[in-house]
Amino acid sequence: MEGIFSTIRGASKRVTVAKRTVAEVLVNAKGHLTAEAITNSVQRLEPEVSPSTVYRILEEFEELKIVVHAHLGQAAAVYHLAGVVHGHLTCETCKRTFEIPAVHFDELSKDLQKVFGFQLDRHHVALSGTCAACQANVRKIL
C-alpha cells in the first residue's frame, strides 16, 4: 500500500480516504474486479464514497500506472494492480477467465509491429474461445 501512496504523492496528488480505500480493495482482491465490484467493496468500508469518485480514482490510478484494466469478452472491463504483464483467455461457454504469461503474445506482438506498425498493449490482451473443460464436455455429449 505504501508503494501506491508513494506513487500518488510523487505525482503531487493527495492521498484521500477514498483513494486509500480503493487501494485497499485492490490490494486485497483475489483477482480482477469490475468497477462496480470495486465500488461495492469501497462502499462497504466507506459508505459515503460515491461511485463517480471510485471511477475517477480508477482513472487516476491507471494514469499513474498503479492499475490496468482489460476487457474480457462481453463482460465489463476489469481492473487489477499493475505488475507482471499477462494476457487473458476467456471461455465463451463457462465464462471463466484464465491469466497467461505475456510471453505467449511475443510473436503476435512482433508480427503486428512488423506488418502493421502496431504496438500491442499486452496488459489489455484478452482472447475468447472455449476452454479445455468445456471442449471435453461437448465431446462427451457427442
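Where nothing but the Cβ of Lys and Arg (+1) and of Asp and Glu (-1) is charged, how large is the charge dipole of the range 24-109 around its Cα centre, in debye to the nearest 20?
Around 280 debye, computed over the range 24-109.
Report the FRET efficiency, 1/(1 + (r/R0)^6), for residue 135 and residue 98, where r is their Cβ-Cβ distance and R0 is 22 Å, rounded to 0.05. Please report the intermediate quantities before stating the final value.
Working: r = 14 Å, r/R0 = 0.62.
My answer for the efficiency is 0.95.
In whole percent, what relative contact order does the chain give with Cα contacts below 8 Å and a gap of six or more residues?
Answer for the chain is 19 percent.
For the chain, find the longest principal axis of its Cα atoms and tell me its angle to the long axis of helix 132-141, 0 to 90°, nearest 10.
On a 0 to 90 degree scale, this one is about 40.
Would you mind calculating the gained length between residue 64 and residue 34 on full extension (0.36 nm times residue separation, minus the Cα-Cα distance), in nm to one decimal?
Length difference between fully extended and current span is 8.9 nm.
Report the full-extension gain for the segment residue 126 to residue 43: residue separation times 0.36 nm, less the Cα-Cα distance, to one decimal in nm.
27.0 nm
Each value in this text was obtained by applying a stated rule to the coordinates, not by laboratory testing. These numbers were taken from a predicted model, which means no experiment stands behind them. Note that we place each Cβ from the backbone using ideal geometry, even for glycine, and neighbour counts take in every protein chain shown.
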